[in-house]
């Protein structure tokens with residue numbers, strides 16, 4: 001799967017479980033991934 005080769009993908013919410021999984025899928029597809037997210041203080 002190289003449909004995202006030479007592409008950059010921005011994932012918002014990358015700190016969460018779903019965002020992290022989406023980042024992994026894009027990385028496996030050959031994309032460069034920029035993830036941003038926030039975790040509120042606990």
Members of region 1-29 found to be surrounded by fewer than 14 Cβ atoms within 10 Å (Cβ to Cβ), more than 17 Å from residue 40 (Cβ to Cβ) and over 8 Å from the mean Cα position of the chain (by Cα), listed by number
1, 2, 3, 5, 6, 7, 8, 28
Flagged in region 4-27 as in a helix (DSSP H, G or I) and under 19 Å from residue 38 (Cβ atoms), in numbering order, are 17, 18, 19, 20, 21, 22, 23
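Taken together, the values in this text are just the output of simple stated rules run on the coordinates, not laboratory data. The structure displayed is predicted, hence computed values, not measured ones. All Cβ positions, even for glycine, are placed from backbone atoms using ideal geometry, and neighbour counts span all protein chains on display.
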